[in-house]
Amino acid sequence: MVQVLTLEKQVRNWQLEHLDPSNPVQVWETKRRISGELHYFNIEYRRIYDSASKYLGCFFLIHDRTEEFIKYNTERYRATHDKLTGLYNKEYFYDVVRAVLNKNPDGKYNIIVFDVKNFKLVNDVFGVDEGDRLLKEISRITADFGGKNCIYARLTGDRFAVFMPRSIFSEDKLLREFSVLDNFIEQSKFKIHIHIGVYEIVDTNLRVSVMCDHANLAIKTIKDSFKSHVAYYESQLREDFIGDHRIISDFETAVSDGQFCAYIQPQIAVDGSIRGGEALVRWIHPKDGMIPPNRFIKILEQTGLISRLDRYMWETACQNLRRWSEMGFKKSYISVNISQKDFYLLDVYEVITSLVEQYEIAPKRLHLEITETAVMDNREHLNLISRLREYGFIVEIDDFGSGYSSLNMLKELEADVLKIDMGFLQRTENTGNSEKSKIILQMIIKLAKSLDMEVITEGVEFKEQVSFLAEYGCDIYQGYYFAKPMTVSDFESDYLNKRFRMK
Ligand code: C2E
Ligand code: CA
Ligand code: CA
């Protein structure tokens, strides 16, 4: 009874509120608690007139839309939130952050992205349930971090984002909060590490997705640290990243326009004569000028483009050797670099043998520089090296001593030349171990000789180095002390026929 009376009273109120005769049909929404439960209604109010336009009365159509409304809200929730953690999903995060930035274009905010290091390992080793539990725990920490002033999201699998006023961001607090994860996986030594990338928003007009990319880019700079780590986005990071992209996109044009240029660095025998040289690539970029190989080789290797460049360098070397033969220098050689990736991308044997046949040059005049990592642990590659040697090429082990060269490698990989990296000596000199490293150098040279290998030392910068290397029995020298890498025409005119005084 109470209910009916209340409803009646409500209807009278509505009537009073909607008396406007110029508006004979009115529709609105309202909600009302019935037996403790909230209900949602659509109300349609119509005034009725006779044919002479005399007002006869009115009626209300009351439509309970509660079910519809709940369904709509559930769907909307699903479309905007992450199912597992209940945080906003990526798209909704972008929308809500954009709305806040539009409202406060002068505000100072940060976007912070978290990423669980080795998350896949958690799933693989401890199970998906543990993985889910971890994600929920991270979302709890994330949501607690800045309270109501922040907007939180799970961007993808193990990536979370927070948008917050810069004034409340504290790196220490964040690391403290995440430290509870140290013992997340009980009875295991496995530690959870969170990588944190921070982008301090400078340009509020930037797309929110790009802001998140910036924070992600910062995360990429955190290498294999064993601690939770925080990195800040700096515009230099973006420039490097753009640089990598430009290398890839400019590559094709560079090849077809002949922007790659083979420089040659002379190699000098112990008697001072020039035996040949190493071909080292230079990219003569029309806008950026000369780009050194360290800037682009790695990215070309990562993308597999290296094989095109290397093939070009090998062919150029063969063309030069052909010309030198015609000039009367029939013995001079050129060393070319073979990247580890080439073995996977090319039929190295087929390409190299065809080239020397095409240009009619003796294979021993093309030296092939390979690094230990390029061939070790791969029987097929080791066999390939043997076949190349049988064909007549000179195989050199490059960068010996610069990485993790093992003596075992000398047993497995049969080569003609051991190329020792002088950096090995320079590094140890800095730590005051120069006497020790000289002894090692001496032993390596002795070892190479007893294995019937020639020894080249590269990176020779000082006279004193030449002296002791000669004493130890090094055969060939390459380094700034003698000459820097130069254009082929400079090499031909100034070095091909040159002899250095060694004493
Ligand atoms: P790498 O094969 O070890 O080449 C020797 C590098 O040492 C060259 O650097 C050379 O300029 C430098 N160098 C020579 N003498 C000295 C010296 O006395 N002191 C010092 N500090 N450095 C010296 P570059 O030309 O910048 O080449 C760097 C690396 O790029 C090469 O190291 C090689 O790994 C790679 N690279 C160069 N050209 C090619 C190529 O055509 N194909 C492939 N796959 N890699 C290449
Ligand atoms: Ca080399
Ligand atoms: Ca080298």
- Checked the range 10-42 for anything basic (K, R) and open to solvent by 90 Å² or more (accessible area, probe 1.4 Å); matches are R12, K31, R33
- Could we say that M313 is out of contact with any helix residue (DSSP H, G or I) (no Cβ under 9 Å at 6 or more places or on another chain) and open to solvent by less than 20 Å² (accessible area, probe 1.4 Å) here? yes
- Is it the case that the range 256-272 has a residue that's on the phi > 0 side of the Ramachandran plot, more than 15 Å from the chain's Cα centre (by Cα) and within 16 Å of ligand 1 (Cβ to nearest atom)? yes
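Quick grid of which residues meet (1) among the acidic types (D, E); (2) in a helix (DSSP H, G or I):
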position: D106; (1), (2): yes, no
position: L121; (1), (2): no, yes
position: V125; (1), (2): no, yes
position: E130; (1), (2): yes, yes
position: L134; (1), (2): no, yes
position: E137; (1), (2): yes, yes
position: T142; (1), (2): no, yes
- Note on the structure: Sole miss for H229 among (1) open to solvent by 40 Å² or more (accessible area, probe 1.4 Å); (2) within 16 Å of ligand 2 (Cβ to nearest atom) is condition (2)
- Message: Need the failing condition index for E471 against (1) exposed (fewer than 12 other Cβ atoms within 10 Å of the Cβ); (2) modelled with pLDDT under 90, just the number.
- Response: (2)
- Inside the range 21-69, the number of residues satisfying the requirement of being assigned to a loop (DSSP other than H, G, I, E, B) and of a type outside the set (G, A, S) is 6
- Message: Can you list the helices (runs of 4 or more DSSP H) lying wholly within the range 340-407 that have 3 or more residues being at pLDDT 90 or above and not hydrophobic (A, V, I, L, M, F, W, C)?
- Response: 348-358, 379-391
- Item | the range 288-327 - residue that is charged (D, E, K, R) and under 25 Å from the mean Cα position of the chain (by Cα) and, of those, nearest to I264 (Cα to Cα) | D310
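Residues checked against (1) within 16 Å of ligand 2 (Cβ to nearest atom); (2) in a strand (DSSP E or B); (3) of a type in the set (F, W, Y); (4) open to solvent by 50 Å² or more (accessible area, probe 1.4 Å):
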site	(1), (2), (3), (4)
G258	no, no, no, no
P266	yes, yes, no, no
G277	yes, yes, no, no
W283	no, yes, yes, no
L300	yes, no, no, no
L321	no, no, no, no
E326	no, no, no, yes
S335	yes, yes, no, no
- L309 is checked against (1) away from ligand 3 (no atom under 16 Å from the Cβ); (2) in contact (Cβ under 8 Å) with a residue 60 or more places away in the chain and fails just one. What number does that condition carry? (2)
- Item | Residue count for the range 389-400, restricted to those that are open to solvent by less than 20 Å² (accessible area, probe 1.4 Å) and within 35 Å of the chain's Cα centre (by Cα) | 5
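Yes/no per residue for (1) more than 19 Å from A215 (Cα to Cα); (2) at pLDDT below 90:
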position: V97; (1), (2): no, no
position: Y109; (1), (2): no, no
position: K117; (1), (2): no, yes
position: L121; (1), (2): yes, yes
position: V128; (1), (2): yes, no
position: L135; (1), (2): yes, no
position: N149; (1), (2): yes, yes
position: L155; (1), (2): no, no
- If you check A143, A99, A79, which single one turns out to be touching a strand residue (DSSP E or B) at 6+ places or on another chain (Cβ under 9 Å) and closer than 28 Å to T204 by Cβ? A143
- Tell me which of these V281 doesn't satisfy, since it passes every other one: (1) farther than 27 Å from L496 by Cβ; (2) in contact with a Phe, Trp or Tyr (Cβ under 8 Å, 6 or more places away or on another chain). (1)
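Does the range 179-199 contain at least one residue that is assigned to a helix (DSSP H, G or I), in the same structural domain as K117 (by TED's automatic domain parsing) and under 24 Å from Y88 (Cβ atoms)?
Yes, the range 179-199 contains a residue that is assigned to a helix (DSSP H, G or I), in the same structural domain as K117 (by TED's automatic domain parsing) and under 24 Å from Y88 (Cβ atoms).
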- Task: Kindly indicate the residue of the range 446-462 that is more than 16 Å from ligand 2 (Cβ to nearest atom) and not in a loop (DSSP other than H, G, I, E, B) and also surrounded by the most Cβ atoms within 10 Å (Cβ to Cβ) among those meeting that condition.
- Result: A448
- Query: From S256, S273, S249, which residue is of a type in the set (G, A, S) and in contact with a strand residue (DSSP E or B) (Cβ under 9 Å, 6 or more places away or on another chain)?
  - Reply: S273
- Message: Any residue at all in the range 235-246 that's of a type in the set (S, T, Y) and surrounded by 16 or more Cβ atoms within 10 Å (Cβ to Cβ)?
- Response: no
- When you go through (1) free of Cβ contacts under 8 Å to residues at least 12 places away in the same chain; (2) among the acidic types (D, E); (3) touching a helix residue (DSSP H, G or I) at 6+ places or on another chain (Cβ under 6 Å) one by one for D129, which number turns out not to apply? (3)
- Test T74 against the criterion of being of a type in the set (S, T, N, Q), under 30 Å from A153 (Cβ atoms) and not in a loop (DSSP other than H, G, I, E, B), and give yes or no. yes
- The number of residues in the range 273-285 that are under 32 Å from the mean Cα position of the chain (by Cα) and within 14 Å of ligand 1 (Cβ to nearest atom) is 7
- Query: Quick check, is V162 closer than 27 Å to N104 by Cα and buried (at least 19 other Cβ atoms within 10 Å of the Cβ)?
  - Reply: yes
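The values are calculated or read from the model by the stated rules, or taken from the named source; none is laboratory data. As the structure is a prediction and not an experimental result, all values here were calculated from the model. All Cβ positions, even for glycine, are placed from backbone atoms using ideal geometry, and neighbour counts span all protein chains on display. To get the accessible areas, we keep the full protein, side chains included, count just its heavy atoms, and leave off ligands, DNA and RNA. Shrake-Rupley method; radii C 1.70, N 1.55, O 1.52, S 1.80 Å.
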